[in-house]
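We did not get these values from a lab; they are worked out from the coordinates using the rules stated. In this text, all values refer to a predicted model and were calculated from it rather than measured experimentally. Here the Cβ positions follow ideal geometry from the backbone for every residue, glycine too, while neighbour counts run over all protein chains shown.
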Amino acid sequence: MSRIKLAAGMLAAGLAVVGAASAASPLALGPATHGTLKVYKGYYDGHKDSYVVTDVSSKSQATALHVNYSAALGDVKGAPAQYFISGKAAAGQLAVFGSEPGEADYNPLWEELIVTWKPGVTPVLLVQDDQINALAKKGQLTVRDAHIVLNAPITSAPGM
């Protein structure tokens, strides 16, 4: 009789674990499969984060990047900045994020800002948004709003 009680107890415990796991994920996402996405690197506060690009509000960029075009993204306001360096740049230059997961203003949507070094200025490696803004104030580079919103979630960063 004690074996039956033990088996019944184990079955009840197993069902409780399954029930708890089901309760933790209320979304029916469908079956998961493995696929491939291009993963890019960008700087945030001096370290590198990885990100993917899925959608953009520019039809020409969507075509060039082989991602989804979303006109509605263009209506988004207040997204954090992602800086892209145009023209001459320091060796190893990557895009620069204005936020990352864990920051209060993190959002996977980014306002594209184009950074251009002024003539006669020797580019340095840009790794932080504050650095870019300080150099712009000194007149060493310009920052221009591209009026494009990019859906590019950061997939890995220190502490993730």
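General observations
- Candidates are the residues of the stretch 127-160 that are of a type outside the set (Val, Ile, Thr), more than 30 Å from ALA71 (Cβ to Cβ) and in contact (Cβ under 8 Å) with a residue 60 or more places away in the chain; the one that is surrounded by the most Cβ atoms within 10 Å (Cβ to Cβ) is GLN128.
- Conditions (1) over 19 Å from ASP49 (Cβ atoms); (2) in contact with a helix residue (DSSP H, G or I) (Cβ under 6 Å, 6 or more places away or on another chain): number failed by GLY98: (1)
- The number of residues in the stretch 82-114 being of a type outside the set (Asp, Glu) and within 11 Å of VAL149 (Cβ to Cβ) comes to 5.
- Residues that are of a type in the set (Asp, Glu) and surrounded by 16 or more Cβ atoms within 10 Å (Cβ to Cβ), drawn from the stretch 94-126: GLU100, GLU111, GLU112
- Hits in the stretch 48-76 (condition: assigned to a helix (DSSP H, G or I), under 16 Å from the mean Cα position of the chain (by Cα) and either closer than 19 Å to THR36 by Cα or of a type outside the set (A, V, I, L, M) (or both)): LEU65
- Filter result for SER57 (under 25 Å from ALA157 (Cβ atoms) and surrounded by 15 or more Cβ atoms within 10 Å (Cβ to Cβ)): yes
- Taken together, the residues in the stretch 90-119 that are charged (D, E, K, R), in contact with a Phe, Trp or Tyr (Cβ under 8 Å, 6 or more places away or on another chain) and part of a strand (DSSP E or B) amount to 1.
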